[in-house]
Amino acid sequence: MSTVLVTGGTGFIGSHTCVALIESGYDVIVVDNLYNSKKEACNRIFKITGKEVKFYEIDCCDKKALRKVFEENKIDSVIHFAGLKAVGESVQMPAEYYRNNIDSILTVVELMKEFGVKNIVFSSSATVYGSTGKVPLSEDSPLGECTNPYGWTKWMIERILSDIAYSDPTLNVVLLRYFNPVGAHESGLLGEDPQGIPNNLFPNVARAAAGVIECLNVFGNDYDTPDGTCIRDYIHVCDLAEGHVKALDYVATKNGGRYVFNLGTGNGYSVSQVITAYEKACGKKINYKFAPRREGDLPVSYADPTKANRELGFKTKYDMDKMCEDSWRWQTMNPNGLE
Ligand code: NAD
Ligand code: UFG
């Protein structure tokens, strides 16, 4: 039995990945400082899988506390989700973003070295491609200038992990570049529960549909796209979670190296198309208005998913209708998130 340390494991993607790992036979240990999540996620994981996860409320930048986790458990692999992720907030508080995101990964890799742990999977983002303009984005598309400190932390951590992989050829380093993770577990027990005002499209569409907010702002309808709104590659969070299991299965056959994969569907949906699909899922009209463009948004971004298909055997299962249905079920079953 292989044991995975999941940092940021009570968060949105981390909690769904814990379920996927447990269902694939992995033992899971969660570390989270609960900055943007709640411990209740562990109970929900238990309800879905029937298995307890071992939970530590620890900040990954706290080396002494994190060392205890490595001492108490025989860890085979780390999936590092822990990080701050709000693009706009990162512009307001760059030092906090650089400190948290860079310090936490450095602490993790130093402890991995100390304890001889050989596999790390990192949550990177399509944001590292910058605004080159060419789609679909494949893993060898040029990396671009990021538009915000959050994006730069992903870019820098990719660089740091690449240098570490080069210095230690026995280490397996997997950089997963997510496109736009959305949806929720189909049980309605796990989903996205951002603390504070959400930035991303799906939580806002869900809140507009539920009447929590009066009106959804659609940022820009004058882009050079068929309906004028931005196009993104939305991927169901359970598909994304499965991508992490595939990545760990993959490195189990490797003796070291650096591997980069896009995790997306390869299909682009405009904001207007998402609203239409969500209206179908929730059975009502969503109140929205067109607002000015949001700074830093790219007109179009979607993945070339070929490499992950071919090398990881990763293929997404869920379509936009399912993403909206599961998101709506989560919203209606948990109007106040994970209380
Ligand atoms: P999330 O905020 O739900 O989860 C991140 C978790 O990390 C939270 O539970 C938070 O409390 C925890 N955390 C933050 N700093 C920590 C620290 N120093 N020590 C311990 N725990 C800490 O976010 P998510 O959407 O699940 O994203 C997970 C990862 O994927 C993040 O690194 C994010 O940047 C990356 N990512 C997310 C998206 C997206 O759109 N959701 C896209 C690309 C990449
Ligand atoms: N949007 C709205 N209204 C909203 C929220 C978003 O119209 O209330 C629009 C945005 O302008 C954009 C689209 O919906 O056109 C998607 O926006 P999101 O904020 O959901 O997602 P992004 O593509 O901006 O960001 C995502 C991740 C980031 C990552 C980035 C680039 O959330 O972590 O992709 O990969 F950095």
Square roots of 5 times each gyration tensor eigenvalue, C-alpha, region 1-109, largest first, Å: 24, 16, 11
Over the chain, with every protein chain in place, what whole percent of the accessible area is carbon and sulfur at 1.4 Å, could you tell me? 49 percent
Based solely on C-alpha atoms, express the radius of gyration and the Dmax of the chain in angstrom. 19.1, 55
Student exercise, the chain dipole from Lys, Arg, Asp, Glu Cβ charges, in Debye to nearest 20: 240 debye
Nearest 10, in degrees from 0 to 90: the angle of helix 40-49 to the longest Cα principal axis of the chain is 80 degrees
I'd like to check one number: the per residue accessible area of the chain, probe 1.4 Å, reported in Å² as a whole number. 44 Å²
If you bin every alpha carbon distance in region 51-152 into 5 Å steps from zero, what whole percent lands in each bin? 2, 11, 18, 19, 16, 14, 10, 7, 2, 0
Normalized C-alpha radius of gyration of region 180-252, against 2.2 N^0.38 Å? 1.39
Report the relative contact order of the chain, percent, no decimals, based on alpha-carbon pairs under 8 angstrom and at least 6 residues apart. 20 percent
With the dipole of the chain defined by +1 on each Lys or Arg Cβ and -1 on each Asp or Glu Cβ, the option from Ile13, Leu137, Asn36 whose Cα lies farthest towards the positive pole is Ile13
Among the trypsin sites (Lys or Arg not before Pro) within region 11-84, which fall in a DSSP loop and have no more than 16 other Cβ atoms within 10 Å of their own Cβ? Lys39, Lys51, Lys74
Under the 7 Å Cα-to-Cβ spin-label approximation, Ser167 and Val212 lie apart by a distance in nanometres of 4.3 nm
How compact is region 139-235 by the rule of thumb for globular proteins, expressed as Cα Rg over 2.2 N^0.38 Å? 1.44
Which lysines have a Cα less than 27 Å from the Cα of Lys284, not counting those fewer than 8 places away in the same chain? Lys317, Lys322
Part-to-part distance (alpha-carbon centres) for region 82-108 and region 243-319, which is given in Å: 23 Å
Over region 1-95, what is the mean sequence separation of C-alpha contacts under 8 Å (at least six apart), divided by residue count, expressed as relative contact order in percent? 35 percent
At a threshold of 8 angstrom on Cα-Cα distance, excluding pairs fewer than six apart, so keeping six or more, what relative contact order does region 10-169 reach in percent? 19 percent
Once Rh for region 245-339 is found with the Kirkwood sum over Cα pairs, what is the Stokes-Einstein diffusion coefficient at 37 °C and 0.692 mPa s, in µm²/s? 197 µm²/s
Helix 271-282: inclination vs the chain longest Cα principal axis, degrees, rounded to 10, gives 90 degrees
What does the C-alpha gyration tensor say about the overall shape of region 287-339? Classify as rounded when a/c is under 1.5, otherwise prolate if a/b is larger than b/c, or oblate. oblate
In the structure shown, do any of Lys254/Lys307; Lys51/Lys154; Lys54/Lys154; Lys118/Lys246; Lys54/Lys113 have a Cα-Cα gap over 24 Å, and if so which? Lys51/Lys154; Lys54/Lys154
What fraction of the DSSP beta bridges in the chain is antiparallel, stated in percent and rounded to the nearest 5? 5 percent
Can you tell me the order of 6-14, 100-108, 138-146 when each peptide is scored by its average per-residue count of other Cβ atoms within 10 angstrom, highest first? 6-14, 100-108, 138-146
I need the GluC sites (Glu not before Pro) found in region 46-116, filtered to DSSP loop residues with at most 16 other beta carbons within 10 Å of theirs. Glu52
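The values are calculated or read from the model by the stated rules, or taken from the named source; none is laboratory data. Keep in mind the model is a prediction, meaning the values are calculated, not measured. Please note: Cβ atoms are built from the backbone with ideal geometry, for glycine as well, and neighbour counts cover all protein chains shown. Calculation scope for accessible area: heavy atoms of the full protein, side chains included, ligands and nucleic acids excluded. Shrake-Rupley method; radii C 1.70, N 1.55, O 1.52, S 1.80 Å.
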